[in-house]
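Since the structure comes first, as C-alpha cells, the remarks are kept for the end.
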Amino acid sequence: MDTKKSQLLRQGLLVFIALAVITGIEYFVGTNGAFLPAMVLMALVKAGLVLWYYMHIRKVFTGGEE
Amino acid sequence: MSAEITAAHGAEGEYQYKTQTNRLGLWLFLVSDSFIFGALLVTRFYLLGLHRPELNQPLGLVVTSVLLTSSFFMNRAETSMAYGDRKGFLSNILATIALGITFLLGVVGVEWRTAPFSVSDGAQGAVFFMMTGMHGFHVLTGVVLLLILYFNGRRGVYSAERHWAVEAGAVYWHFVDLVWVFFYPALYLIGTVIAR
C-alpha cells in the first residue's frame, strides 16, 4: 500500500516537473515571437497531463478504478 | 434504487455507487462550466486577434507557476487522504490554499492595479478583466471549498475509504488550473502588444 502511495506521489512530482518545463518553454517562445501552432500544442499537452494524471478523467469511464 | 444496492452490496457498495454518480455529476458541471471559459477564449481572439494586452510578463509567469505548484500540492493532498494519511492531507491542502490566495493577490491585487489600461479601455480592458475576473472568482470559490475540506479533515470526517469530497475538491481545483493553462498564453504570450 505504501509502495503504491509513494508511486503515485512520485508520478505527481514527475507530472509537475513536466508541466513546469513546458511552461518555461512556453514563456521563452511567447516572449520571443510566439509561434502560434507551438503555443497551442504546448497548451494542449499541458491540458492532457492535468486531465489524465491530476483530474483522473479515466475514473469517469471506469467507475472509479485507476 | 439506493436500498436495492445497500441490500445487495452493503453500505460500502452504496457509497461506491453514490460516488460514481456524484463523479459523473461533477464532470457534467465542469463541462458546462468550460463552455463559459471557452466562450471567453473565443471572445479574446475575436476581439483582439493576434494582439494582446500590455501586461507584466514576469508577474504572469510567477502567478502561473504559483497556480501550477498549487495543483502539485493538491494532488499530494488527495493521494495522502486516499491512503489515510490525515497529517499529509492537512499540510498539503494548507499549502494549496496559501498558493491559491497568492495567485489571487498576484492577479487581482497586483496585475489589476498595475495594468496600463482599465476595464473601460475598449476591447482589451473588457477581455482582460472579464477573463481574469471570471477565473479569479473560480479560484476564490476553490479556496473556500478547500478551507471547508481542511476543517472537515481536521475533524476526521474523511478516511481512506470515504473521501469523495476531497476527490471532488481536487478535481475542481485542477480544473481551475486547466483553465489557466489556456488563459495564460492567450492573455500574456500570443500576439503582439497592443500599442497605447
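The values are calculated or read from the model by the stated rules, or taken from the named source; none is laboratory data. Please read these numbers as outputs of a predicted model, since none were measured by experiment. Quick reminder, even Gly has a Cβ in these numbers, built from the backbone with ideal geometry, and neighbours come from all protein chains shown.
Descriptive notes on the structure:
- Residue under evaluation residue B:69, criteria (1) more than 23 Å from residue A:22 (Cβ to Cβ); (2) in a helix (DSSP H, G or I), criterion not met: (1)
- Among (1) of a type in the set (Phe, Trp, Tyr); (2) part of a helix (DSSP H, G or I); (3) modelled with pLDDT under 95, the one test that residue B:117 misses: (2)
- Residues (surrounded by fewer than 18 Cβ atoms within 10 Å (Cβ to Cβ) and at negative phi) located in region A:30-45: A:31, A:32, A:35, A:36, A:37, A:38, A:40, A:41, A:44, A:45
- Restricting attention to region B:148-196, the residues being surrounded by fewer than 15 Cβ atoms within 10 Å (Cβ to Cβ), part of a helix (DSSP H, G or I) and either within 12 Å of another protein chain (Cβ to nearest Cβ) or out of contact with any helix residue (DSSP H, G or I) (no Cβ under 9 Å at 6 or more places or on another chain) (or both) number 1.
- Scan of region A:19-35 for residues that are facing chain B (nearest Cβ under 7 Å) and closer than 22 Å to residue B:70 by Cβ, ordered by number: A:19, A:20, A:23, A:26, A:27, A:30
- Test: residue in region A:30-50 that is under 19 Å from residue B:73 (Cα atoms), without any contact (Cβ under 8 Å) to a residue 24 or more places away in the chain and more than 10 Å from the chain's Cα centre (by Cα): no
- Of the residues making up region B:28-60, those that are touching a residue at least 24 places away in the same chain (Cβ under 8 Å) and either surrounded by 18 or more Cβ atoms within 10 Å (Cβ to Cβ) or in a helix (DSSP H, G or I) (or both) number 18.
- Residues of region B:123-144 include at least one that is out of contact with any Ser or Thr (no Cβ under 7 Å at 6 or more places or on another chain) and within 14 Å of another protein chain (Cβ to nearest Cβ).
- A count restricted to region A:1-12 and to residues that are more than 7 Å from chain B (Cβ to nearest Cβ) and surrounded by 13 or more Cβ atoms within 10 Å (Cβ to Cβ) stands at 1.
- Any hit, region A:44-55, residues being at the interface with another protein chain (Cβ under 10 Å from one of its Cβ atoms) and not in a helix (DSSP H, G or I): yes
- Residue selected from region B:72-101 under the condition of a type in the set (Ser, Thr, Tyr) and either surrounded by fewer than 17 Cβ atoms within 10 Å (Cβ to Cβ) or assigned to a loop (DSSP other than H, G, I, E, B) (or both), by the criterion nearest to the other protein chains (Cβ to nearest Cβ): B:83
- Tally of residues being touching a helix residue (DSSP H, G or I) at 6+ places or on another chain (Cβ under 6 Å) and in contact (Cβ under 8 Å) with a residue 12 or more places away in the chain across region B:62-88: 18
- Listed by first and then second residue, the pairs linking a residue in region B:162-190 that is within 26 Å of residue A:39 (Cβ to Cβ) to a residue that is of a type in the set (Ser, Thr, Tyr), with Cβ atoms under 6 Å apart and 6 or more places separating them unless they lie on different chains, are B:174/A:54; B:174/B:71; B:177/B:71; B:184/B:64.
- Test result for residue A:27, touching a helix residue (DSSP H, G or I) at 6+ places or on another chain (Cβ under 7 Å), more than 30 Å from residue B:160 (Cα to Cα) and crowded, with 19+ Cβ neighbours inside 10 Å: yes
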